[in-house]
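Working notes, structure below.
The values are calculated or read from the model by the stated rules, or taken from the named source; none is laboratory data. This structure is a prediction, so every number in the text was calculated from the model and none was measured. No Cβ is skipped: glycine too gets one built from the backbone with ideal geometry, and neighbour counts run over all protein chains shown. With ligands, DNA and RNA removed, areas are computed over all heavy atoms of the protein, side chains included. Shrake-Rupley method; radii C 1.70, N 1.55, O 1.52, S 1.80 Å.
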Amino acid sequence: MKKYLALLILSCFTFIIFNSCEENDICIDPKTPQLIIKFNNENNPKEKMDSLFVLKQNPDDTYTQVAGGVGRDSIIFPLPLEKTDHTTIIVSKRSAVTDFADAININYDYRTEYVSKACGFKAQYKILSIKSPTTNFIKSYKILRNEVTDQVSAHIQLNY
């Protein structure tokens, strides 16, 4: 009898161990894509920015640098998930001799979708419009791709 009881307990223990294991969840899908902004010199398209600093405006009217560097022709900008007016203000600075600054207003909408247990949710953005109230060095701008679903190529082009 003790033999059968020990066998029954061992069987139950083995059954519980093997059934409590879960499949390993590994997130292979990409995370929420970020906006790619390309800078283009209208007179010399192969030229890169001599110095570039991109700042985002915070709700309390302070600025946080999100990108910067020398010799760049594009930046990756994270769009926030906010339920306010969906407008992010980006201020770009290019400094050679003097500083130039332009504000770029990006109006966008987003939706979230469930990817998997490991990845959770990711957002996909749709750029509705862009405008610049200033023209210090940005001469024109255009939306290259309205849907921000990946980071393969530029979404917005700013011409200086």
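General observations
- Just so you know, in segment 146-160 the residues that are in contact with a His (Cβ under 9 Å, 6 or more places away or on another chain) and open to solvent by 50 Å² or more (accessible area, probe 1.4 Å) include one that is farthest from PRO33 (Cα to Cα), and it is ASN146.
- Any hit, segment 46-65, residues being hydrophobic (A, V, I, L, M, F, W, C), open to solvent by less than 20 Å² (accessible area, probe 1.4 Å) and at pLDDT below 75: yes
- Among the residues of this structure, ASP109 counts as one that is without any contact (Cβ under 8 Å) to a residue 60 or more places away in the chain, assigned to a strand (DSSP E or B), within 17 Å of the chain's Cα centre (by Cα) and farther than 30 Å from ILE26 by Cβ.
- The set of residues from segment 129-145 being surrounded by 12 or more Cβ atoms within 10 Å (Cβ to Cβ) and not in a strand (DSSP E or B) comprises SER132, THR134, ASN136, PHE137, ILE138, LYS139, LEU144, ARG145.
- Scanning segment 112-128 for residues that are open to solvent by 70 Å² or more (accessible area, probe 1.4 Å) and without any contact (Cβ under 8 Å) to a residue 12 or more places away in the chain yields a total of 2.
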